[in-house]
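Right, one structure below, let's go through it.
The values are calculated or read from the model by the stated rules, or taken from the named source; none is laboratory data. Values in this document were obtained by computation on a predicted structure and should not be read as measured data. Neighbour counts run over all protein chains shown; Cβ positions are idealised from the backbone, glycine included.
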């Protein structure tokens, strides 16, 4: 489906975040991703390094590999704090044939043994570093899990788009003028043709909702609020989503939460028991 208009910053966020996930969070290489998804190495390179836009089912497939969502990959930072990063790495590792976490627990405790106290942030970063190496070890042995495309995300989008159309009496000409999406593309979308990620970004912005809402199994649309949002809307925005106060408070809390050796040993045990 041809794209008439894109949201450069949002697409840059997506590319930046999947590159961050691949290299900085999980330490994966393009051949690893090919083994897990079947996405050719050159194609994946263009997605995460050249701001090339994927279809929504592919974007969702990539998000599932990285244990996150398409909506989060379109945000400013997919893993802004150490706790979120650690959670993603553990979720990824648990999909590999790991018998138990005892060996990794020993490595983490050995790494921390000379620290009488350490911040929760430092502990999470240390754990993430060791578990990231474990993931790299599995990949080097060519041990992978498979993530196939899920066409359900396309069905969800089509259903949610049609529900919005029915409830709000959408004027395609008005939305086309605001978003740059052609009238012909609207007809195709209504008939279930798969959209590209930038189309979903544009429509989410137009309706004043999250990308995740347009892809959800059972979204809870606030139709009166959406109707008010689009009443006089003539364009979609392209802006950097700022880090909100709650996220900043969480980061600060992780930095100042000092743990004794006994406490951080307990935290390690709890995290590596998590299912």
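Pick from region 135-151 the residues that are surrounded by fewer than 16 Cβ atoms within 10 Å (Cβ to Cβ) and touching a residue at least 60 places away in the same chain (Cβ under 8 Å): which of them is farthest from residue 213 (Cα to Cα)? Spell out how you get there, then give the answer.
Here is the first cut: in region 135-151, the residues surrounded by fewer than 16 Cβ atoms within 10 Å (Cβ to Cβ) are 136-137, 140-143, 145-146, 148, 150-151.
Subsequent filtering for residues that are touching a residue at least 60 places away in the same chain (Cβ under 8 Å) retains 136, 142, 145-146, 148, 150-151.
Numbers: 136: 34, 142: 36, 145: 28, 146: 26, 148: 22, 150: 17, 151: 16 Å.
The residue in question is 142.
Out of all the residues in region 16-35, is one or more within 30 Å of residue 186 (Cβ to Cβ), in contact with a helix residue (DSSP H, G or I) (Cβ under 6 Å, 6 or more places away or on another chain) and surrounded by fewer than 23 Cβ atoms within 10 Å (Cβ to Cβ)? Lay out the reasoning, then the answer.
First, the residues of region 16-35 that are within 30 Å of residue 186 (Cβ to Cβ): 16-18.
After this cut, where a residue has to be in contact with a helix residue (DSSP H, G or I) (Cβ under 6 Å, 6 or more places away or on another chain) as well, the list is 17-18.
Still in the running and surrounded by fewer than 23 Cβ atoms within 10 Å (Cβ to Cβ): none.
Among the residues of region 16-35, not one is within 30 Å of residue 186 (Cβ to Cβ), in contact with a helix residue (DSSP H, G or I) (Cβ under 6 Å, 6 or more places away or on another chain) and surrounded by fewer than 23 Cβ atoms within 10 Å (Cβ to Cβ), which makes the answer no.
What's the number of the condition residue 99 fails, among (1) free of Cβ contacts under 8 Å to residues at least 60 places away in the same chain; (2) outside any helix (DSSP H, G or I); (3) touching a helix residue (DSSP H, G or I) at 6+ places or on another chain (Cβ under 9 Å)? All conditions are met except number (3).
Here region 43-56 is the region considered, the condition is being part of a helix (DSSP H, G or I) and surrounded by fewer than 20 Cβ atoms within 10 Å (Cβ to Cβ), and the residue that is modelled with the lowest pLDDT is 49.
What number of residues within region 57-84 satisfy the criterion of being more than 23 Å from residue 152 (Cβ to Cβ), without any contact (Cβ under 8 Å) to a residue 40 or more places away in the chain and part of a loop (DSSP other than H, G, I, E, B)? Talk me through it step by step, then tell me what you get.
Here is the first cut: in region 57-84, the ones more than 23 Å from residue 152 (Cβ to Cβ) are 76-77, 79-84.
Of the ones still in play, those that are also without any contact (Cβ under 8 Å) to a residue 40 or more places away in the chain are 84.
In the following step, the residues that additionally are part of a loop (DSSP other than H, G, I, E, B) were identified as none.
Total meeting the criteria: 0.
Of the listed requirements (1) modelled with pLDDT under 95; (2) within 15 Å of residue 204 (Cα to Cα); (3) surrounded by fewer than 17 Cβ atoms within 10 Å (Cβ to Cβ), residue 180 misses just one: (3).
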